[in-house]
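Okay, so here's the structure we're looking at.
The values are calculated or read from the model by the stated rules, or taken from the named source; none is laboratory data. Everything numeric here is computed off the predicted structure, so don't read it as measured data. Reconstructed Cβ throughout: ideal geometry from the backbone, glycine too, with neighbour counts over all protein chains shown. The accessibility values were calculated without ligands, DNA or RNA, using every heavy atom of the protein model including side chains. Shrake-Rupley method; radii C 1.70, N 1.55, O 1.52, S 1.80 Å.
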Amino acid sequence: MNKNIESLYNIARKPVRKIIGLMSGTSLDGLDIALCEISGSGENTSVIVTNFETSEYSNEIKKEIRTVFAERNIDFQHLVLLNEWIGLLHAKIINKVLLKWNLKPSEIDIIASHGQTVMHIPKILHRIDKFPNATLQIGDGDHIAVKTGIITISDFRQKHLAVGGEGAPLAAYGDYFLFGKKDKNRIMLNLGGIANFTYLPSTMNSEEVFVTDTGTGNTLIDAFTRLHFPQMAYDKDAKIAKKGQVNQPLLSQLKSDSFFKTSFPKTTSPELFNIGYVQKSILESNTNAISVPNLLATLTRFSAETIAEAIEHAVKTAGLNINQFTIYVSGGGMHNPLLIKYLNELLSCEFKRTDELGISGDAKEAVLFAILANETLSGGEAKFGKRKGIPSILMGKISFPN
Ligand SMILES: Nc1ncnc2c1ncn2[C@@H]1O[C@H](COP(=O)(O)OP(=O)(O)OP(=O)(O)O)[C@@H](O)[C@H]1O
Ligand SMILES: CC(=O)N[C@H]1[C@@H]2OC[C@@H](O2)[C@@H](O)[C@@H]1O[C@H](C)C(=O)O
């Protein structure tokens, strides 16, 4: 037997697997690295996150990615170069972090790499009949495997597309395995660049579980902060937005896009929610004179209202009331006090962070990819029915170090 297949077989049979989950999201803030000790699979999965770190991207890295990120007209050579460069970069970051954590690569079983999304275009975004839903994550897994010496599972989203999904959100699988609990109605709300939530009903019926994006989370707030204050990555602690007032005509215009009327599950990306989207809404609502604090307050309210309305809709459709739920928040937006204040005003239920369930909200997405890799290796029993958004499939491609 090929030695790599033998290692894979042995890892799959281990009682506890050490899996590094990697996530670099749409905010381009850095690479999240979560070292997880995972045992079991499916509903019997349990995880201990032993180490977590975000390796901040330098301005050079952010600039390189932004030249292609969500852009329709790019230098094609640059994209091809970045695919290799990001793979090498992620491998270098892992090797450095392992040294810092005093761990040898041979102590790690698997790396689960999400890669860097550069374009996410479901049919509702590209609207070209003959083409399917599409998404692209770059940073090839082979580079990571070869440069770290660790078997790497990557490119999770393509399988979801192959069975008719939109390639995202994938959070529901891990959310259900880790946080689903009989007799507890839970919403797992991730406030990333794009916001999404997983609906976990107290029945624990996997066929009722679903996940959907709701629209923008932090991406527009970040984009306009950077546009007006190029030295700032984001509006830390909402210092600027807190000084502003919500502009109602602009808010109504922002909320008028057909995305918000599309049924669940749905996904979106900065291909839709970008600076141009807001500038068009400003023109159409005749609010050109809006101040920067008022604009940031309005964009924050836009995120909050669209999230709250999507959650209310899901809960009402199930014949339940929001006060029967606890919302567990994760993602960088949980640190934005104005966004959290608005969400609290709009949704009359208990809010907590996923930290209270044992997984830090900053680490959650990286952990979720470790869970997907664990399923690919040792799971595959969980059944979610035949629904489009959460098909019962295993995802990821396997790269061997040699
Ligand atoms: N102290 C803070 N105050 C306000 N906003 C914050 C704070 N800390 C983090 N954020 C927000 O969180 C963002 C980073 O979030 P996160 O790392 O979850 O994004 P991501 O993983 O790239 O997103 P996605 O889930 O869409 O892929 C920052 O760009 C900023 O908008
Ligand atoms: C294509 C892509 O990278 N989508 C991300 C992004 O960030 C949040 C939201 O948009 C979500 O759909 C997804 O990531 C999470 C991890 C997911 O798939 O569940």
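Quick notes
- Boolean, residue 136 is within 15 Å of ligand 1 (Cβ to nearest atom), open to solvent by 60 Å² or more (accessible area, probe 1.4 Å) and under 17 Å from the mean Cα position of the chain (by Cα): yes
- Residues located in region 142-169, provided they are more than 20 Å from residue 91 (Cα to Cα), of a type in the set (A, V, I, L, M), away from ligand 1 (no atom under 15 Å from the Cβ) and in contact (Cβ under 8 Å) with a residue 60 or more places away in the chain: 163
- Boolean, residue 331 is at pLDDT 95 or above, open to solvent by 40 Å² or more (accessible area, probe 1.4 Å) and on the phi > 0 side of the Ramachandran plot: no
- The requirement of being of a type in the set (S, T, N, Q), out of contact with any helix residue (DSSP H, G or I) (no Cβ under 6 Å at 6 or more places or on another chain) and either open to solvent by 10 Å² or more (accessible area, probe 1.4 Å) or touching a residue at least 60 places away in the same chain (Cβ under 8 Å) (or both) is satisfied by residue 248.
- Candidates in region 251-278 are the residues that are outside any helix (DSSP H, G or I), of a type in the set (Gly, Ala, Ser) and surrounded by fewer than 17 Cβ atoms within 10 Å (Cβ to Cβ); of these, the one that is farthest from ligand 2 (Cβ to nearest atom) is 256.
- Qualifying residue in region 209-216 (condition: within 26 Å of residue 293 (Cβ to Cβ), open to solvent by less than 10 Å² (accessible area, probe 1.4 Å) and either modelled with pLDDT under 95 or not hydroxyl-bearing (Ser, Thr, Tyr) (or both)): yes
- In summary, residue 114 fulfils each of the numbered conditions (1) assigned by TED's automatic domain parsing to the domain that holds residue 65; (2) within 14 Å of ligand 2 (Cβ to nearest atom); (3) more than 21 Å from residue 50 (Cβ to Cβ); (4) of a type outside the set (A, V, I, L, M, F, W, C) with the single exception of condition (3).
- Boolean, residue 224 is away from ligand 2 (no atom under 16 Å from the Cβ), at pLDDT 95 or above, open to solvent by less than 20 Å² (accessible area, probe 1.4 Å) and not small (Gly, Ala, Ser): yes
- Residue list for region 147-180, filter: hydroxyl-bearing (Ser, Thr, Tyr) and crowded, with 24+ Cβ neighbours inside 10 Å: 152, 154, 173, 176
- In region 227-241, the residues that are away from ligand 2 (no atom under 16 Å from the Cβ), in contact (Cβ under 8 Å) with a residue 12 or more places away in the chain and in contact with a Ser or Thr (Cβ under 9 Å, 6 or more places away or on another chain): 233, 235, 238, 240, 241
- Residues that are open to solvent by 20 Å² or more (accessible area, probe 1.4 Å) and either near ligand 2 (Cβ under 7 Å from one of its atoms) or not in a strand (DSSP E or B) (or both) within region 181-193 comprise 181, 182, 183, 184, listed in sequence order.
- Within region 155-177, the set of residues being closer than 24 Å to residue 205 by Cβ, near ligand 2 (Cβ under 9 Å from one of its atoms) and outside any helix (DSSP H, G or I) comprises 166, 168, 169, 170.
- Scan of region 348-378 for residues that are open to solvent by 20 Å² or more (accessible area, probe 1.4 Å) and of a type in the set (Gly, Ala, Ser), ordered by number: 348, 358, 360, 378
- Matching residues in region 87-100 - criterion: being closer than 15 Å to residue 111 by Cα and out of contact with any Pro (no Cβ under 7 Å at 6 or more places or on another chain): 87, 88, 89, 90, 91, 92, 93, 94, 95, 96, 97
- Taking first residues from region 113-141 that are free of Cβ contacts under 8 Å to residues at least 40 places away in the same chain and partners that are small (Gly, Ala, Ser) and within 15 Å of ligand 1 (Cβ to nearest atom), the Cβ contacts under 6 Å between residues at least 6 apart in sequence or on separate chains come to 135/167; 137/115.
- Matching residues, region 333-379, being among the β-branched types (Val, Ile, Thr) and either under 28 Å from residue 112 (Cα atoms) or more than 16 Å from ligand 1 (Cβ to nearest atom) (or both): 354, 359, 367, 371, 376
- Top-ranked residue of region 112-133 - restricted to ones that are more than 16 Å from ligand 1 (Cβ to nearest atom) and part of a helix (DSSP H, G or I), ranked as farthest from residue 212 (Cα to Cα): 126
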